[in-house]
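What follows is one structure encoded as structure tokens, with my remarks underneath.
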Amino acid sequence: MKVTVDEPRMMYELRQLASFTEPSTEPARAGETAVTRVVFTERDGEARAWLKELAEAAGLVIREDAVGNTFFRWEGSEPALAAVATGSHIDAIPNAGMYDGTVGVLGGLEAMRGLQAAGFKPRRSVELILFTSEEPTRFGLGCLGSRLMSGGLSVEAAQRLVDEADMSLDEARSAAGYSGGLGEVELAKGVYAGFVELHIEQGPRLEREGVPIGVVTHIAAPASGAIVVEGEGGHAGALLMPVRHDALAAAAEVALAVERAALGTGVEDTVATVGRCEVFPGAVNSVPSRVRLSLDVRDVELARRDAVLASIVSSCEEIAQRRGVKITPAMANADEPASCAAAVVDAVEAACVEAGVASIRMVSRAYHDALFMARLCPVGMIFVPCRGGVSHRPDEHAEPGDLAAGVRVLAQTLATLSLGEAL
Ligand code: GLV
Ligand code: MN
Ligand code: MN
């Protein structure tokens with residue numbers, strides 16, 4: 001089947017979606033598009049409303065769940081069969097780019113429109129899913145929507161989530177128009193026959209090897225949380241150095257210990273990041289009494305990731321004792337890695353052959369909603385290159401031709417899975 005991708009329309013829509021953003025706090029640089037779109041903010045609501053219009057125009061049936069996961073359904077000729085799904089997220093971390101997640105949502109829509117235009121008739125229904133809050137920006141937990149959908153987060157734990165302004169998830173979602181019980185978000189295994197997510201690679205390999213498509217085989221195991229350091233504050237002039245218990249100085253040692261723990265495995269698959277540092281009271285002439293660091297640790301191997309976490313905890317104990325401060329690490333999540341299903345990987349590779357594009361198999365170091373969808377059904381992922389491997393930055397860039405190739409491969413894969421038997 002020949003699926004034609006309307007490349008100008010897809011690029012136009014990606015730029016339109018990027019226009020739903022908070023103003024950048026950084027000076028604009030030529031050729032860059034800074035996007036900040038946090039879940040359940042006004043901008044998020046505007047982007048969702050605009051997307052729903054596009055989906056309606058494509059004849060898709062829309063359903064929203066209690067956390068805002070949105071399902072756009074193209075009914076198959078045998079609607080009682082488990083559906084085939086694709087999708088991703090549209091929330092964007094502060095000062096991000098315009099491709100992360102959005103390519104999987106608008107690319108998914110474009111794939112469905114391409115299949116419609118080619119006269120394809122799905123047997124299993126085909127669904128595009130917009131997952132709520134894949135990014136941890138607001139509630140400190142990534143893949144919120146897919147986590148709840150797959151039973152990876154209990155309703156009680158979800159109800160304890162609060163943002164920085166102490167607004168609970170329940171308050172935020174209901175202010176955004178999503179009421180209903182969170183318990184209804186979880187889906188049964190068997191609802192989907194398969195799930196395929198299109199995403200930019202967010203790493204340099206495809207570009208370096210000059211290959212347009214990455215077929216993902218595994219998704220690395222992410223863990224994240226916070227480390228709170230409590231010391232003793234005081235007057236920056238009067239409190240003498242030998243008696244200080246400076247929380248920020250101790251936190252600086254913790255950040256270096258985090259880096260050392262990841263480097264210590266000697267394996268490039270291990271990564272650890274302290275991306276945030278909040279200092280209290282945050283005054284020029286006051287010794288910091290409390291610091292909150294964020295922590296993000298990942299590895300393709302669960303045991304090695306957990307060993308790094310254990311080593312960070314033991315460094316915290318040592319630093320706390322030596323400096324006379326209290327250090328409390330607390331993880332919000334420590335997820336298992338996921339494997340893509342052989343049948344979906346094979347379908348994606350066959351689609352690459354059909355679409356006439358080269359592909360290589362690869363691991364995803366970033367997490368994606370597919371990590372949690374793998375708990376519900378067989379999954380696969382299609383990666384397209386991004387310039388310099390750059391992501392989570394305004395200079396994130398993907399070539400229109402590569403995006404179109406990704407959409408063609410996605411469309412063909414969805415068609416195969418829609419016509420096929422259970423995987
Ligand atoms: C997703 O945005 C990730 O941080 O991997
Ligand atoms: Mn991201
Ligand atoms: Mn993403």
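Quick note: the coordinates plus some simple rules give every number you see, no bench work behind them. As the structure is a computational prediction, the values presented were derived from the model and not from experiment. All Cβ positions, glycine included, derive from the backbone under ideal geometry; neighbour counts span all protein chains shown.
Structure notes:
- Using alpha-carbon coordinates, inclination of helix 102-117 to the longest axis of the chain, degrees: 0 degrees
- Stretchable slack from VAL313 to LEU256, in nm (0.36 nm times residue separation minus alpha-carbon distance): 19.2 nm
- Chain lengthening between ALA157 and ARG375 when straightened (0.36 nm per residue, less Cα-Cα): 76.6 nm
- Cα centroid of segment 106-147 to Cα centroid of segment 210-233, whole Å: 23 Å
- Legend: calculated FRET efficiency, ALA238 to SER168, from the Cβ-Cβ distance at R0 = 41 Å, rounded to 0.05, equals 0.50.
- Cβ-derived FRET efficiency at R0 35 Å, ALA188 paired with CYS277, nearest 0.05: 0.25
- Order of PHE139, PHE131 under a 10 Å beta carbon neighbour criterion, fewest first: PHE139, PHE131
- The simple spin-label model puts a point 7 Å past each Cα toward its Cβ; for SER19 and GLU64 those points are separated by 2.2 nm.
- Expected 222 nm ellipticity per residue - DSSP helices of 4 or more, -39500 (n - 2.57), all of the chain, to 500: -10500 deg cm²/dmol
- Protection proxy ranking, highest mean first, for peptides 391-398, 19-26, 327-334: 391-398, 327-334, 19-26, where packing is the per-residue count of other beta-carbon atoms within 10 Å, averaged.
- Between the Cα long axis of helix 342-355 and the first principal axis of the chain there is an angle of about 60°, rounded to the nearest 10.
- Once each of the trypsin sites (Lys or Arg not before Pro) sitting in a DSSP loop with at most 14 other beta-carbon atoms within 10 Å is removed, the chain keeps 277-423 as its longest stretch.
- Under a 5 Å amide H cut-off, with hydrogens placed 1.01 Å from N, SER364 pairs with THR217, HIS218, ILE219, ALA220 among residues at least 5 apart or on other chains.
- For the chain, radius of gyration divided by Kirkwood radius, i.e. Rg to Rh on alpha-carbons: 1.00
- Fraction of beta bridges assigned by DSSP in the chain that are antiparallel (%, nearest 5): 65 percent
- The alpha-carbon of LYS2 sits under 19 angstrom from the alpha-carbons of these lysines, leaving out residues fewer than 8 places away in its chain: LYS121.
- Within straight-line cross-link reach of LYS52, aspartates and glutamates at Cα separation under 17 Å, skipping those fewer than 8 residues along the same chain: GLU13, GLU42, ASP44, GLU64, ASP65, GLU75, ASP91, GLU110, GLU127
- Principal-axis tilt of helix 247-263 within the chain, Cα atoms, nearest 10 degrees: 50 degrees
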